[in-house]
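K.L.:
Before anything else, here's the structure in question.
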Amino acid sequence: MSEEILTKVEETYDASQIQVLEGLEAVRKRPGMYIGSTSASGLHHLVYEIVDNAIDEALAGYCNEIHVRINEGDTITVTDNGRGIPVDVQAQTGKPALEVVYTVLHAGGKFGGGGYKVSGGLHGVGASVVNALSEWLEVQVHKNGNIYQMRFSRGNITQPMTIVGTTDRTGTTVTFKPDPEMFDTLVYDYETLHTRMREQAFLNAGLKISTEDCRVGQEQKHTMHYEGGIKEFAAWLNRNKTPIHQGVIYMNGSKEDSVAEVAIQYNDSYNDTILSFANNIHTPEGGMHETGFKTALTRVLNAYGQKAGIIKGDDKVSGEDVREGLTAVISVKLTDAQFEGQTKAKLGNASIRTLVDNIVSTKLSEYLEENPAVAKIILEKAMTANRAREAARRARDSIRRKNALEGATLPGKLSDCNERDPELTEIYIVEGDSAGGSAKGGRDARFQAILPLWGKMLNVEKARADKVYGNDKLNPVITALGAGIGEDFDVTKLRYHKVIIMADADVDGSHIRTLLLTFFFRFMRPLIEHGYVYAAVPPLFKISRGKTTKLAFSEEEREQLAAELRGDNPNAKVDISRFKGLGEMDPHELWETTMNPETRVLKRIELQDAVAADETFTVLMGEKVEPRKEFIEKKAKYVVNLDI
Ligand code: TSJ
């Protein structure tokens, strides 16, 4: 855009004027302190820091549009239509405010000491951090009829504030290129930015945020604009689920400097999705706002249920009961938020608990009084959940008693290994009896156990906990792993630290893989969180020439290996055969291709983030067909072989 002017200015700019900015040096020395990490997550964080400033302008009531663009070459441009960062010279510093915003490290960053401040004065929190970590950064401010421009490199001024044109609008535009010296990767992921911006648009009702990818071959754009704010957020989270009542219940209130809002809607599933935010920052570890919400929800529903005669006598529904099938968004805004916990993702301000509790107590009680039909649906769901939980507890107790009497008998189908130290052992969960037989024959029995599974597996997404306990397909898995299930799950009792799902690279194989993963995700989540779950990746092709044999895991690799084996002799006879299925391999072949730690390929299953995983599982395993098709088409490149 203004490249031409800039080049000229840069050439004439005297290098001696470049100052070493001490505050920003600290950012370059320990970038992780300011943006969390220098991996892809830190790279994306730069964008959030800049956008936060534009959102502050929107919260102040002066901006209603923000545009975020990935340019060719992975630079980022953020534009808003706010008042424009002030450009006048400050009395204290003798410098334009714009310069101060970009060159002075502001206290109160999210990762530095102290909490986030929604300051009254100049915002610019984070702008100097982004500047310090950018190979170059350019800012343009439209204000007072002028376009003011300033450029920086790694935090140093390369072009002082200059008027480069006139304008009839106001706003701020920032373009930056993250510094390759600072980051492990420079490639932006559009989906990540889009998801984050959509979340911000939901959290700031009425604000229009658009995202655009201008990289060649990847062009796309989206505009997000939600007048209903978190009310629309809750409805959107339920978009692939089946709500059990019409409309989202919305509650809000404020006290002193704090505001809180809550939106809830129940669906017919057995899980909950509760998303909480403080000052637009996601708090996955919860905190005071979430606690206030949960306590009030349980109390209000019990009180109403008893009063309305739906809950009889001294009966009660538990917190878990009233959260079954719940989708909730909680958003609070406060000055001086205290972020605590391992990842600074938990809100510590106790006054917020009282505020949210009061809002839910008053507003939800009112809502239930005014909408008795909805109240009845919600309470009946909680009562059913309560009965199912009781049944599950009885089933669990009877399994526990049985084990106590007989000793924990390992499943008959399990071929266990000799080694007992879980750190050294692995279990292959194998689809089908014949593959199970080959695996048993081919394994190294010192440390590899085999558990064959067969027949139709229970889809836990469509079953309540009481059906899962005592299920004859899942029970062998539970007993073999030895760590219990659900609330009882104790990862320290796990009998193998590698749980390897071995299934064919075809439709049936991916189906059983998804079913097992759904089961682990819902009932043994720490197993995935600890990184103990793997998928075996069987090769697809065998390529041989003479006595040399190579394995290929994709078609590209097949071509590459065939070319390698041919070498300089294009006419050499290279034999390519396709592996049909695990069940058709003999024990030796299975060992060499899929089980030998020296040569096999394992894919570790990661729990990327709860929302994404929940979406994957709900969409892939839930009842609605259309979203499943859509999801698979969109994600085909990520979901390896999930060709359901
Ligand atoms: F962070 C940043 F500096 F990089 C940045 C700031 C980036 C972007 C895209 C936008 C902004 C920004 C800042 N947008 N709007 C503002 N507004 C102010 O800084 C501002 C304007 C006027 C007044 C005033 O009191 O007149 C006060 C402020 C803080």
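Derivation of every value follows stated rules applied to the coordinates shown; laboratory data play no part. Here the structure is a predicted model, which is why all the values come from computation and not from measurement. We place every Cβ from the backbone using ideal geometry, glycine too, and count neighbours over all the protein chains shown.
K.L.:
Give me the lysines in straight-line cross-link reach of LYS221: C-alpha distance below 30 Å, same-chain residues under 8 apart excluded.
P.N.:
Correct list for LYS221: LYS110, LYS143, LYS177, LYS208, LYS231, LYS241, LYS333, LYS624, LYS629, LYS634, LYS635, LYS637.
K.L.:
Sort the following peptides by mean Cβ neighbour count (other Cβ atoms within 10 Å, averaged over residues), highest first: 289-298, 68-77.
P.N.:
Answer by packing, highest mean first, reads 289-298, 68-77.
K.L.:
Per residue, how big is the convex hull of segment 196-314 when only Cα atoms are used? Give it in Å³.
P.N.:
That works out to 163 Å³ per residue.
K.L.:
Now, a different point. Mind checking the alpha-carbon convex hull of the chain and giving the volume per residue in Å³?
P.N.:
Taking only Cα atoms, the chain has a hull volume of 198 Å³ per residue.
K.L.:
Of the cross-linked pairs LYS413/LYS462; LYS316/LYS467; LYS493/LYS550; LYS440/LYS547; LYS344/LYS376; LYS376/LYS493, which ones have a Cα-Cα span greater than 30 Å in the structure shown?
P.N.:
Where the Cα-Cα span goes over 30 Å, the pairs concerned are LYS493/LYS550; LYS344/LYS376; LYS376/LYS493.
K.L.:
Additional query: Any idea what the relative contact order of segment 192-339 is, in percent, if you count C-alpha pairs under 8 Å spaced at least 6 apart?
P.N.:
Normalised by residue count, the contact order of segment 192-339 is 24 percent.
K.L.:
From the phi angles alone, apply the Karplus equation (6.51, -1.76, 1.60; θ = phi - 60°) to segment 217-226 and give each ³J(HN,Hα) in whole Hz, x where the residue is Gly or Pro.
P.N.:
Each residue's phi maps through the Karplus curve to give x, 10, 4, 6, 8, 9, 10, 10, 7, 10 Hz.
K.L.:
Next question. For segment 125-259, go through all pairs of different Cα atoms, get the mean of 1/r, take its inverse, and jot down that Kirkwood value in Å.
P.N.:
18.4
K.L.:
A follow-up question, please. Considering only DSSP beta bridges with both partners in the chain, what is the antiparallel share in %, to the nearest 5?
P.N.:
Restricted to the chain, the bridges split so that about 75 percent are antiparallel.
K.L.:
Moving to a separate point now. Please give the peptides 205-212, 320-327 ranked by average Cβ packing (other Cβ atoms within 10 Å per residue), highest first, as a rough proxy for protection.
P.N.:
Highest to lowest by the protection proxy: 320-327, 205-212.
K.L.:
How high is the relative contact order of the chain, given as a whole-number percent (alpha carbon pairs under 8 Å, six or more residues apart)?
P.N.:
Across the chain, relative contact order equals 9 percent.
K.L.:
Here is a follow-up. Would you please give the FRET efficiency between HIS222 and GLU380, computed as 1/(1 + (r/R0)^6) with r the Cβ-Cβ distance and R0 = 45 Å, to the nearest 0.05?
P.N.:
Computed FRET efficiency for HIS222 and GLU380: 0.70.
K.L.:
Additional query: Looking at the square roots a ≥ b ≥ c of the eigenvalues of the Cα gyration tensor of segment 471-620, which shape do they give, rounded for a/c under 1.5, prolate if a/b is larger than b/c, or oblate?
P.N.:
prolate
K.L.:
Between the alpha-carbon centers of segment 51-84 and segment 142-162, tell me the distance in whole angstrom.
P.N.:
17
K.L.:
Please enumerate, by chain and number, the aspartates and glutamates with C-alpha under 18 Å from the C-alpha of LYS363, excluding those fewer than 8 residues away in the same chain.
P.N.:
GLU261, GLU290
K.L.:
Here's a follow-up. For a Förster distance of 51 Å, can you work out the FRET efficiency between the beta-carbons of THR185 and ARG401, rounded to the nearest 0.05?
P.N.:
It comes to 0.45.
K.L.:
Now for a different question. Among 213-220, 567-574, how do they line up by average Cβ neighbours within 10 Å per residue, starting with the highest?
P.N.:
For the peptides 213-220, 567-574, the packing ranking is 213-220, 567-574.
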